[in-house]
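Student: Structure incoming, see below.
The values are calculated or read from the model by the stated rules, or taken from the named source; none is laboratory data. It should be emphasised that the depicted structure is a prediction, and the values quoted were computed from it without experimental measurement. Positions of Cβ are backbone-derived with ideal geometry, glycine not excepted, and every protein chain shown enters the neighbour counts. In case anyone asks, the SASA skips ligands and DNA or RNA and just uses the protein heavy atoms, side chains included. Shrake-Rupley method; radii C 1.70, N 1.55, O 1.52, S 1.80 Å.
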Amino acid sequence: MRLRRIWVEEAALPYETTRRVLARLPGVPVDVIPHREVLRPRGGLAADWPRQAKETLLLAVQRGPFWRPCPGTPEYICCGYQVLQVGLNCPFDCRYCILQGYLNLPALTVFVNLEDCLRELEEQLASGGVWRLGTGEFGDSLALEELTGLHARLIPLFARQAAAVLEIKSKGRALDPLLPLGPTPRVIFAWSLNPPEVIRELEPKTASLGARLQAAARAAAAGFRLAFHFDPLIWFPGWEAAYRETVDRLARAVPASAAVWISLGALRFPPPLRRQILRRFPASRFAAEEMILAPDGKLRYFHTRRVEMYGRLREWLEAAFPAATLYLCMESPRVWRQVFGVAPDSRGLARRLNAAALGQPPAVTTPASDCRPS
Ligand code: SF4
């Protein structure tokens with residue numbers, strides 16, 4: 001990661017995380033600003049702001065809640081995941097990253113009031129319920145760990161919980177300082193996976209497939225449970241052989257019993273993001289593919305293509321990881337039925353994944369009432 005500048009909100013100065021991050025970045029110019037809103041450019045962001053944002057760090061105070069429900073849409077089946085918003089943006093530069101159309105500040109933001117985050121978590125978790133939370137929705141969980149030490153504080157907190165699981169999701173490999181903090185069944189290390197040719201072309205600055213699989217194997221050897229996300233699945237000529245080989249490499253790299261859940265999600269994004277991607281990367285063939293406007297307002301592959309890709313991945317993954325819970329991320333009941341024969345409702349899917357998170361047998365938690373018949 002090459003940082004050219006650090007902005008620090010005045011309110012962020014007293015926090016331990018601010019001191020820790022600045023101590024680890026000697027020589028990078030630091031400017032103190034009254035509030036992050038001063039960074040918001042008048043008249044909108046410049047076209048190349050995502051590039052600038054990867055080189056500028058903002059240390060800020062999270063004034064809203066850290067804990068938020070993962071945004072779902074009524075038309076699609078949602079798994080009830082919860083998001084810990086510990087930062088915004090990440091130093092990797094995936095061509096398809098949905099944050100390019102979502103963020104409104106040209107910076108990589110770290111929220112430094114970790115003590116407030118821990119307090120909020122303790123309070124909410126004490127009120128009961130079964131929860132799956134993740135730190136990898138608004139950025140990459142591990143990409144800034146060396147700077148922030150965030151997960152080194154979160155893992156012990158989750159290790160004490162009876163019914164909450166933290167998913168640490170990454171395209172990176174820097175997890176070694178976290179391994180001695182476990183194992184605990186309340187923390188799952190997860191990797192997003194794609195074939196090497198997709199990683200090379202569309203996921204610059206991330207770890208190679210081999211490095212991700214090695215990191216997953218190290219986490220499993222340390223006793224942690226694992227999850228994997230084939231999301232976004234990218235269609236290209238030769239996709240089938242490439243994804244087949246990727247699943248085979250995954251199966252050779254980690255013990256099948258370590259995988260708790262595996263998700264599938266085909267490429268999707270809001271229409272303005274397609275224009276933005278093509279402006280930034282004019283040679284991006286993946287963004288120029290023919291797609292349809294789906295009921296949730298996003299561009300998606302035609303449903304026949306999605307069903308074909310999911311069906312093949314399902315076949316290979318169920319053979320290699322028979323005990324893992326396989327699910328589709330934000331897909332329609334129609335596609336679920338064509339891939340799995342049944343479509344759970346959102347509550348049913350959440351129950352199934354909660355059971356997997358807590359290590360309960362699926363038979364207890366997948367009553368027929370969870371499923372809409374095909
Ligand atoms: S790792 Fe995730 S958050 Fe980071 S650029 Fe890639 S898609 Fe975006």
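Student: Per residue, what volume in Å³ does the Cα convex hull of the chain take up? Walk me through the numbers on the way to the answer.
Tutor: On the way: hull volume 50.6 nm³, N = 374.
About 135 Å³ per residue, rounded to a whole number.
Student: Modelling each spin label as a point 7 Å along the Cα-to-Cβ direction, I'd like the R275/V32 distance in nm, to one decimal.
Tutor: So the label points at R275 and V32 sit 4.2 nm apart.
Student: Okay, moving on. Grab the Cα-Cα distance for A217 and D48, subtract it from 0.36 nm times how many residues apart they are, and report the gain in nm with one decimal.
Tutor: Between A217 and D48, full extension yields 57.1 nm more.
Student: Can you give the accessible area per residue of the chain, in Å², using a 1.4 Å probe?
Tutor: Values: 15850 Å² over 374 residues.
Roughly 42 Å² per residue, with all protein chains present.
Student: Give a residue-ordered list of calculated ³J(HN,Hα) values for segment 175-188 (Karplus: 6.51 cos²θ - 1.76 cosθ + 1.60, θ = phi - 60°; whole Hz; x for Gly, Pro).
Tutor: For segment 175-188, the Karplus-derived couplings read 10, 4, x, 8, 4, x, 7, x, x, 9, x, 8, 10, 10 Hz, x marking Gly and Pro.
Student: Now for a different question. Which distance in nm do the two modelled labels at A163 and E318 give, with both placed 7 Å along the Cα-to-Cβ direction?
Tutor: In this crude label model, A163 to E318 measures out at 3.1 nm.
Student: Now a separate question. Report, in debye and to the nearest 20, how large the dipole of the chain comes out about its Cα centre when Lys and Arg carry +1 and Asp and Glu carry -1 on their Cβ. Intermediate results must be reported in sequence, preceding the final value.
Tutor: Numbers: 48 positive and 36 negative charges, 96 e Å.
Magnitude of the dipole: close to 460 debye.
Student: Could you calculate the FRET efficiency of M1 with T304 from 1/(1 + (r/R0)^6), where r is the beta carbon distance between them and R0 is 41 Å, rounded to 0.05?
Tutor: Taking R0 as 41 Å, the efficiency between M1 and T304 is 0.50.
Student: Return the percentage of antiparallel bridges among DSSP beta bridges fully within segment 61-373, rounded to the nearest 5 %. Don't skip to the answer; put the middle values down first.
Tutor: Working: 13 of 39 bridges.
Roughly 35 percent of the DSSP beta bridges within segment 61-373 come out antiparallel.
Student: What distance in nm separates the simple spin-label points at K205 and R285, each placed 7 Å from Cα in the Cβ direction?
Tutor: Distance between the two pseudo-spin positions: 2.6 nm.
Student: If the cut-off is 23 Å between C-alpha atoms, which lysines fall inside it for K298, apart from same-chain ones fewer than 8 positions away?
Tutor: none
Student: Probe radius 1.4 Å, ligands and nucleic acids left out: which of D248, D93 has the largest accessible area, and how do the rest follow?
Tutor: D248, D93
Student: Still on this structure, I have one more. What lysines does K54 reach when the alpha-carbon gap must be under 22 Å and sequence neighbours fewer than 8 apart in one chain are set aside?
Tutor: Reachable lysines: K169, K171, K205.
Student: Let me ask something additional. Ranked from highest to lowest mean number of other Cβ atoms within 10 Å per residue, what is the order of the peptides 177-183, 349-355?
Tutor: Details: 177-183: 16.0, 349-355: 21.0.
Descending packing order for the listed peptides: 349-355, 177-183.
Student: Sticking with this structure for a sec: Can you give me the % of accessible surface on segment 61-373 that is carbon or sulfur? Probe 1.4 Å, all protein chains present, nothing else counted. Write out the running numbers ahead of the final one.
Tutor: Details: 6860 of 12300 Å².
Roughly 56 percent of what the probe reaches on segment 61-373 is carbon or sulfur.
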